[in-house]
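Peer 1: Right, I'll just put the structure down here and ask away after.
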Amino acid sequence: MKKILSLLMILLVPALVLGATFVIVKAPANAKNFLATGNVLFQQGDYSEAKVTYERAVELDPELEPALNNLAFIYNHDKEYDKAASVLSRLVKIDPTKIEYHYDYAVNLIMNMQKTGKGSIEDIELAISEFMKADGLEPGFQRSKENVEFLDGLKAQYYQVHAEE
């Protein structure tokens, strides 16, 4: 009897492993599977692989909010502020009630201008608008009002310089 069980184990275990491998390899691409894999990689601190995995999830489901949110975080972490801002612009449309999305969108717009040394008055006005939305949703959030005042000062300087030209 033990020989039969041993023989069955020898035959069944590889068959089960082969079957599981076949299912995994042949499983249709699923955004939530990519999200789950990205989350594990993210928690392990493997942001590079998590980023690729989240990007694949978002290709399959362009409004998968958790993947977009984590992707924005990773882009910011990697100092890819333009990409983070782009993702956050999508998130504020998906859930306009999330204070953090508005605030982070504004911050990444400003960080991108600071990083590149380039920016437009429209970028400053958009950042002001997003800080104001964050403050409107939760007054005093992360000193949004102070950020608006600072950017209003930059905007005034911009118009003063361009008025003199």
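Readers should treat all values here as calculations from the given coordinates under stated rules, not as data from a laboratory. This is a predicted model, so every value here is computed, not measured.
Peer 1: Students often get this wrong, so check it: of Lys133/Lys155; Lys32/Lys115; Lys83/Lys133; Lys51/Lys155; Lys51/Lys98, which have C-alpha atoms separated by over 24 Å?
Peer 2: Among Lys133/Lys155; Lys32/Lys115; Lys83/Lys133; Lys51/Lys155; Lys51/Lys98, the Cα-Cα distance tops 24 Å for Lys32/Lys115; Lys51/Lys155.
Peer 1: Then there's this: With an 8 Å cut-off on Cα pairs and a minimum separation of 6 or more residues, tell me the relative contact order of region 89-132 in percent.
Peer 2: Contact order relative to length: 39 percent.
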